[in-house]
Amino acid sequence: MYHLPKDMSAVVLTGHGGPEMLQFKTDISLPSPASNEVLIKVGAAAVNNTDINTRIAWYSKSDSASEDASWSGQSLSFPRIQGADVCGVIVAVGQGVNSSRIGERVLIEPCIREYNGEILRQPWYFGSECDGGFAEYTTVSSSHAYKITSTLTDVELASFPCSYSTAENLLTKANVKSGETVLVTGASGGVGSAAVQLAKARDAKVIAVTSNEKSKDVLKLGAATTLSRTQSIVETLGKNSVDVVIDLVAGKQWGELLDALKPGGRYAVAGAIAGPIVELDIRTLYLKDLSFFGCTVLESEVFGNLIRHIESGAIKPVVARSFQLDQIAEAQELFLQKSHTGKIVLSVAKESLSSNY
């Protein structure tokens, strides 16, 4: 048996606002796994756009952020422990879960379909509608805790779940195939750098949009070529030049992405870091027979495929920097500067657990 404490350290989000709304506490009651759940000792948890977007109520489309500021468009309850990217070890199980799972090293699937023993009508996001991994311990449905066998560190493994599953979901929904040309925007970020690697693993040709300073980093990940963010996509590549666009940026240049797509091309999106409001000439959509894919909820096969990619070594972690859990404000400040390539990760585990396993 693992010897578990009564209390734990965690970062608690107390409301919408700036980083001052994040409070590091050392007296949070240890969560208990419900039916079909497992208790996980968190080793590391990465920082994501979603954490910050939720904190500042970026998802809200109403005058009152309290109404629809969560990932699912519902109100968010406080206090909330955020953190979607989690690597850890199962240390206890709830009713209905085989005790043989205790001791497994796991990654948590961030798209939650089961909670507290019940199947959700609408999927949740780990650390948004329910508490997540910015804590020493967390609970999740056993079905969302995937066993991982790897020599990578907890910090390295925590760089994978959210970004890489989002990227794999984009590629899956867009049905990217061998030999196709794929344009990836925001290619130096967590999801973008993952999309470059995963598209390359599908034997696609990757054109990556990034800054000049990060071009070499992105080329090392497998991009065939890069474009500067300031370059005109159409003037550089030409119209009707790419099969698939994987977009994480949107913004003012959005129309060029559609112009660059070949007739019958596919556009998949999971972010809008340059601005969510874009202008669409509907004639481009229907005259070119384009297909659009909004990619939030993971396809059922995505996370299992990601685990296999990691275990086979087909993809590599890209960690820009790691911080301790109580340094979350500093970590998010660096994240917002967008000067890094890859992921920023919080190291959570302080010491090894004692057990007889």
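Residues that are hydrophobic (A, V, I, L, M, F, W, C) and modelled with pLDDT of 95 or more: does segment 110-117 have at least one? No.
Just so you know, in segment 282-300 the residues that are farther than 16 Å from ILE246 by Cβ and at pLDDT below 95 include one that is least open to solvent (accessible area, probe 1.4 Å), and it is VAL297. One residue alone among SER165, SER150 is surrounded by fewer than 23 Cβ atoms within 10 Å (Cβ to Cβ), small (Gly, Ala, Ser) and in contact with a helix residue (DSSP H, G or I) (Cβ under 7 Å, 6 or more places away or on another chain), and that residue is SER150.
Looking at segment 113-232, the helices (runs of 4 or more DSSP H) lying wholly inside it that each contain 2 or more residues that are within 19 Å of the chain's Cα centre (by Cα) sit at 154-157, 161-173, 190-201. In segment 128-146, the qualifying residues are those that are of a type in the set (D, E, K, R) and out of contact with any strand residue (DSSP E or B) (no Cβ under 6 Å at 6 or more places or on another chain), and the one that is nearest to LEU325 (Cα to Cα) is ASP131.
Look at (1) more than 17 Å from the chain's Cα centre (by Cα); (2) part of a strand (DSSP E or B) and you find that ARG321 fails only one, number (1). For segment 178-193, filtered to residues that are without any contact (Cβ under 8 Å) to a residue 60 or more places away in the chain and of a type outside the set (A, V, I, L, M, F, W, C), the residue that is nearest to LYS214 (Cα to Cα) is GLY192. Among the candidates GLU333, GLU311, the residue that is in a helix (DSSP H, G or I), more than 17 Å from the chain's Cα centre (by Cα) and closer than 23 Å to SER211 by Cβ is uniquely GLU333. Condition first: in contact with a Lys or Arg (Cβ under 8 Å, 6 or more places away or on another chain), exposed (fewer than 13 other Cβ atoms within 10 Å of the Cβ) and at pLDDT 95 or above. Can you find one or more residues in segment 257-271 that meet it? For segment 257-271, residues in contact with a Lys or Arg (Cβ under 8 Å, 6 or more places away or on another chain), exposed (fewer than 13 other Cβ atoms within 10 Å of the Cβ) and at pLDDT 95 or above: present. Of all the residues in segment 175-214, those that are of a type in the set (Ser, Thr, Tyr) and surrounded by fewer than 23 Cβ atoms within 10 Å (Cβ to Cβ) number 3.
Looking at segment 336-354 only, could you name the residues that are touching a residue at least 24 places away in the same chain (Cβ under 8 Å), open to solvent by 20 Å² or more (accessible area, probe 1.4 Å) and not in a loop (DSSP other than H, G, I, E, B)? Scanning segment 336-354 gives LEU336, SER347.
The set of residues in segment 243-266 that are farther than 17 Å from THR172 by Cα, under 27 Å from the mean Cα position of the chain (by Cα) and part of a strand (DSSP E or B) contains only LEU261. The one condition from (1) part of a loop (DSSP other than H, G, I, E, B); (2) touching a residue at least 24 places away in the same chain (Cβ under 8 Å) that ASP326 does not meet is (1). Considered as a group, the residues in segment 50-79 that are surrounded by fewer than 21 Cβ atoms within 10 Å (Cβ to Cβ) and under 23 Å from VAL318 (Cα atoms) include one that is modelled with the lowest pLDDT, and that residue is ASN53.
Under the condition of being surrounded by fewer than 17 Cβ atoms within 10 Å (Cβ to Cβ) and within 18 Å of the chain's Cα centre (by Cα), the residues counted in segment 1-49 number 0. When we screen GLY88, GLY103 for residues that are open to solvent by less than 10 Å² (accessible area, probe 1.4 Å), out of contact with any Cys (no Cβ under 9 Å at 6 or more places or on another chain) and at pLDDT 95 or above, the only hit is GLY88.
Please work out which residue is farthest from SER188 (Cα to Cα), limiting yourself to segment 235-247 and to residues that are touching a Gly at 6+ places or on another chain (Cβ under 9 Å) and not acidic (Asp, Glu). Per the stated criteria, the residue is ASN240.
When segment 141-161 is filtered for residues that are out of contact with any Lys or Arg (no Cβ under 9 Å at 6 or more places or on another chain) and closer than 21 Å to ARG55 by Cβ, only PRO161 remains. Hey, any hits in segment 116-126 for a residue that's among the aliphatic types (A, V, I, L, M), open to solvent by 60 Å² or more (accessible area, probe 1.4 Å) and out of contact with any Ser or Thr (no Cβ under 9 Å at 6 or more places or on another chain)? Yes, segment 116-126 contains at least one residue that is among the aliphatic types (A, V, I, L, M), open to solvent by 60 Å² or more (accessible area, probe 1.4 Å) and out of contact with any Ser or Thr (no Cβ under 9 Å at 6 or more places or on another chain).
The values are calculated or read from the model by the stated rules, or taken from the named source; none is laboratory data. The shown structure was predicted, so the numbers you read here are calculated from the model rather than taken from an experiment. Cβ atoms come from the backbone with ideal geometry, glycine included; neighbour counts cover every protein chain shown. These accessible areas exclude ligands, DNA and RNA; they are computed on the full protein's heavy atoms, side chains included. Shrake-Rupley method; radii C 1.70, N 1.55, O 1.52, S 1.80 Å.
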